[in-house]
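What follows is a single structure, written as C-alpha cells, with notes after it.
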Amino acid sequence: MSNKKVTEARKYVFKDGSRISGVKPQVVGDELDRINNKHGALRPADIVDESRPDDAALHPAFEWNDEIAAEEWRIHTARNIIRSVQVITEENNHQTVYVNVKQSNGERNYQPMSVVVNSPDLYAMAVYQFQQRINAAKESLAELENAANKSDADQMQLAAIKIAMQALATASDAVQSLH
C-alpha cells in the first residue's frame, strides 16, 4: 500500500483532555499529514500559515481576532493540535503520530513517529528528551514528597509517593537502556 493510501486509511482521535474545538480529529489528522507532506516536517508556524484562509481545514481551531490572540497564541494552538492527534492502530490502540524533536541545526519541529524511530539521530534525541521529562517528573515528585513530609500527609500518601518515585526510577533506567 502506498504512503498516501496508508495516510488515508488512518483513523484519528484526540487525546483525553485535549481542548481542540471547531474541527474533528479526523480532519486535524488528515490536514497535519497534508502539511507535513508539503513541508517535510510540522512546524507550528507552517500550520498557522496553512490555516489562515477562511476555508482552510484547521481555520476554525484558531482564534483569528488579533485583539484576543497574537501570533504566539496561534503557534501554541498549533503545537496543541499536533500533540493532540492520535492514530488508531489495527490493534485498536491509540498511538501518537508526531514527535517534537530537535534537529542537528538546532531547529525544533515535529516529525512522524515512523520517521523518528527509523532515524538514529532523531531517535537518540527523542530518547534524550523523554529522559528529560522523566527527570522533571522525578523532581516534581521529590517536591511533592518534601511538601508531604512537612505537612500532615498520612502514611498512605507518603507510601504512594515512594512507589511512584520507584516506578519513575525504573522507567528512567529502562529509557537509558534505549540509547
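Some notes on this structure:
- Applying a DSSP loop filter and a limit of 16 other Cβ atoms within 10 Å to the chymotrypsin sites (Phe, Trp or Tyr not before Pro) in segment 1-92 leaves Trp64.
- Whole-angstrom gap from segment 141-156 to segment 30-49, using each part's C-alpha centre: 44 Å
- Shown here: segment 11-107, whose C-alpha atoms stretch 45, 35, 24 Å along the first, second and third principal axes, sorted largest to smallest.
- Expected-Rg normalisation [2.2 N^0.38 Å, Cα atoms] applied to segment 81-179: 1.37
- Evaluated over segment 3-115, the count of Lys pairs having alpha-carbon atoms less than 24 Å apart is 12 (only pairs 8 or more residues apart or interchain).
- Simple label model, 7 Å out from Cα along Cβ direction - Leu158 to Lys38, nm: 5.8 nm
- Among Leu168, Thr96, Val115 - extreme Cα towards positive end, dipole of segment 89-179, charges at beta-carbon: Val115
- Percent RCO, i.e. relative contact order, over segment 39-125, from Cα pairs under 8 Å lying at least 6 residues apart: 25 percent
- Residue-averaged [θ]222 nm for the chain, counting only DSSP H segments that reach four residues, each worth -39500 (n - 2.57): -18500 deg cm²/dmol
- Once the mean of 1/r is taken over each pair of separate Cα atoms and inverted, the chain shows a Kirkwood hydrodynamic radius of 18.6 Å.
- Annotation note: trypsin sites (Lys or Arg not before Pro) in segment 1-83 located in DSSP loop regions with a Cβ neighbour count of at most 10 within 10 Å are Arg19.
- Average 1/r across all pairs of distinct alpha carbons in segment 122-176, invert it, and you get the Kirkwood radius: 12.0 Å.
- Principal-axis tilt of helix 120-150 within the chain, Cα atoms, nearest 10 degrees: 40 degrees
- Degrees between helix 25-39 axis and first principal axis of the chain (Cα, 0 to 90, nearest 10): 70 degrees
- When exposed loop sites are taken as GluC sites (Glu not before Pro) in a DSSP loop with at most 15 other Cβ atoms within 10 Å, the longest stretch of the chain clear of them is 108-179.
Any read-out appearing in this document is the output of simple, stated calculations on the displayed coordinates, not a laboratory observation. All figures in this text were calculated on a predicted structure; none of them were measured in a lab. Because the Cβ atoms are built from the backbone with ideal geometry, glycine has one as well, and the counts that use them run over all protein chains shown.
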